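Participant: Here it is, the structure in full.
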Amino acid sequence: MTATSETPDPDPTCPTCGGHVTPGERFCEGCGADLGGSTSQAAPTPDATPEAPPVEATRPLETTAVGSCRSCGGEVADDGYCTQCGTAAAKPRDHFTEQPAPWVAAVCDRGIRHHRNEDAVALAAAAPPSARAVLVVCDGVSSSTDSDVASLAAARAARDVLAQSQPRGLGTPASSVAATARALTTAADAANAAVIANTAPSGGNPASCTFVAAVVDGPLLVVGWVGDSRAYWLPDPGGAMLLTTDDSFAAEQIAAGADRAVAENGPHAHAITRWLGSDAPDHTPRTVTVDLDVPGWVLVCSDGLWNYCSAPEDLAGLLGATMVTVGAQPLPLAAALVDWANAQGGRDNITVALARIDPSTTATVDPSAAHREEVSPDGNVLS
């Protein structure tokens, strides 16, 4: 994931093997060489933004090691590296799951090729199936500083706003949609502020990430996004839909007539045109609304999944084939989709969040809610 306005600084390399290392790391993840602090950089003073209090447990989730060394069985030091061979230990952030209710779950995974997980997910859900749920996925811009911290801070801040807010408008479907769209804008504001408050300022590449949030509210789904993380609606009877339109150079090429497969696999495929962060040109989310009138799945994901299966009908087919093997429970299904993406190469971090929708368990609402609407940033419904 890259932002089009950023030119990444050259990454430091290991003096022994020449492999990529992250500033501040003690050992090279490639060869285990002791870096002796040669790549460390002075930590800038965090930006104290009064509007955005720090999000809880952002950095500890990334740095805490788990268990003994996976290579030699030796002791893992507090810095997350084996004291015997220098291998990096597994971290909670490398692979984690969330399941706030039986019908909603997510899996977030480092993938195979990246040395850290810059994806993040945060969920909230009511216990009754198809009642209310919030699914937020953020993908850190890899060329920016502290992108892993940015994504987790943003996801949690947005989730907390949306979980606490249950807008109903004037009670009509249209006013409820507009109220939820405004809540998504507020959530994006909170996420953007959290990125700034929880990361160190950087002269050239301040922390940044994408943002997509799906709010299931009974028979309505409202989605807001900034960047190229995606939301899909995959109904059981067919008619799969990609709900988001990437804020990316590739999407602009597709809009201009380029072949989707060519554009999404080109050299600038992941250059995004909008993001969250202190240098974001515009972080107001675009929103779209869909009526959930048949059984199906809401799927929210990072590009680590859709890199390998972009078209909605293809993703619906993959989901159906995967259910034959692992069943239709959200958590094992999300895990299987992550495993599938890793089997394709795992060249990026992978996040899959799922909500199972069954209208038979949802209260009946006014039939006029059966529509798909796009909502402007100011909350007005666009016909």
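The values are calculated or read from the model by the stated rules, or taken from the named source; none is laboratory data. Here the structure is a predicted model, which is why all the values come from computation and not from measurement. Virtual Cβ from ideal backbone geometry, glycine too; neighbours counted across all protein chains shown.
Participant: Give the residue, chosen from 163, 154, 174, that is in contact (Cβ under 8 Å) with a residue 60 or more places away in the chain, surrounded by fewer than 24 Cβ atoms within 10 Å (Cβ to Cβ), assigned to a helix (DSSP H, G or I) and on the phi < 0 side of the Ramachandran plot.
Facilitator: Details: 163 fails: in contact (Cβ under 8 Å) with a residue 60 or more places away in the chain; 154 fails: surrounded by fewer than 24 Cβ atoms within 10 Å (Cβ to Cβ).
Step by step, each of 163, 154, 174 is checked, and only 174 is in contact (Cβ under 8 Å) with a residue 60 or more places away in the chain, surrounded by fewer than 24 Cβ atoms within 10 Å (Cβ to Cβ), assigned to a helix (DSSP H, G or I) and on the phi < 0 side of the Ramachandran plot.
Participant: I've got another one for you. Which one is nearest to residue 178 (Cα to Cα) among residues in the stretch 272-290 that are out of contact with any Asp or Glu (no Cβ under 9 Å at 6 or more places or on another chain) and buried (at least 18 other Cβ atoms within 10 Å of the Cβ)?
Facilitator: That would be 285.
Participant: Something else about it: So for the stretch 240-258 (the condition being assigned to a loop (DSSP other than H, G, I, E, B), of a type outside the set (D, E, K, R) and surrounded by 22 or more Cβ atoms within 10 Å (Cβ to Cβ)), does at least one residue qualify?
Facilitator: Checking the stretch 240-258: at least one residue is assigned to a loop (DSSP other than H, G, I, E, B), of a type outside the set (D, E, K, R) and surrounded by 22 or more Cβ atoms within 10 Å (Cβ to Cβ).
Participant: Quick check: is even one residue across the stretch 106-124 modelled with pLDDT of 95 or more, charged (D, E, K, R) and part of a loop (DSSP other than H, G, I, E, B)?
Facilitator: The answer is yes; a qualifying residue exists.
Participant: Can you pull out every residue in the stretch 259-290 that is assigned to a loop (DSSP other than H, G, I, E, B) and at pLDDT 80 or above?
Facilitator: 259, 273, 274, 275, 278, 279, 280, 281, 282, 283, 284, 285
Participant: Sticking with this one: More than 22 Å from the chain's Cα centre (by Cα) and either on the phi > 0 side of the Ramachandran plot or assigned to a strand (DSSP E or B) (or both): does that describe residue 224?
Facilitator: no
Participant: Follow-up. Going by what's in this entry, would residue 340 be described as modelled with pLDDT of 95 or more, surrounded by fewer than 22 Cβ atoms within 10 Å (Cβ to Cβ) and among the aromatic types (Phe, Trp, Tyr)?
Facilitator: In short, yes.
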